[in-house]
Amino acid sequence: MIAAVGEGETRFLSPIYHVNVCPTTGHVCLGFLSEENWLPTRGVQDVLSALFSLLIRPELENAADQSLLNMYNNNRAVYEEKARKSAQDAK
């Protein structure tokens, strides 16, 4: 589940293993949602579309967790397996 916390601030309420999601707070680090890039004209569809794209293609320059970024860059197979296991465990 996703929650809009404030203008341009979004987080996952359920745990998600992803480079751009803080493992403790669920806060999403996405350039599109950053304070300097946020526009009040953006709607729910824009945010959901950006989140969907992020899940498929992480923004490595906006990593929320350095250890996940290192694993993603240096051992993608292990990262993807952990992400899959995390998603299965969350069902």
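Close amide H partners of His27, meaning residues 5 or more places away or on another chain with modelled amide H under 5 Å apart, are Phe12, Cys22. Can you give the helix-only mean residue ellipticity at 222 nm for the chain, where every DSSP H stretch with n ≥ 4 adds -39500 (n - 2.57) and the sum goes over all residues, rounded to the nearest 500 deg cm²/dmol? Using -39500 (n - 2.57) per qualifying helix, the result is -12500 deg cm²/dmol. Give the residues of region 59-91 whose amide nitrogen is closer than 17 Å to a point set 7 Å from the Cα of Ser34 in the direction of its Cβ. Correct set: 59-66. Karplus-derived 3J(HN,Hα) values for region 11-18, using 6.51 cos²θ - 1.76 cosθ + 1.60 with θ = phi - 60°, are 8, 8, 7, 8, x, 9, 9, 7 Hz; glycine and proline are entered as x. Along region 51-58 the Karplus relation, 6.51 cos²θ - 1.76 cosθ + 1.60 evaluated at θ = phi - 60°, assigns HN-Hα couplings of 5, 4, 4, 5, 5, 7, 10, x Hz to successive residues, with x for each Gly and Pro. Between Trp38 and any residue 5 or more places off or on another chain, the built amide H atoms are never under 5 Å apart. Where (1) 14.4; (2) 17.1; (3) 13.5 are the candidate values, the label of the one calculated here for Kirkwood radius over Cα pairs in Å is (3). Sorted ascending by nearby beta carbons within 10 Å, beginning with the fewest, Thr41, Thr25, Thr10 become Thr41, Thr25, Thr10. Dipole magnitude for the chain: about 440 debye, using +1 per Lys or Arg Cβ and -1 per Asp or Glu Cβ, origin at the Cα centre.
Taken together, the values in this text are just the output of simple stated rules run on the coordinates, not laboratory data. Keep in mind the model is a prediction, meaning the values are calculated, not measured. As a convention, Cβ positions derive from the backbone with ideal geometry for all residues, glycine included, and neighbour counts pool all protein chains shown.
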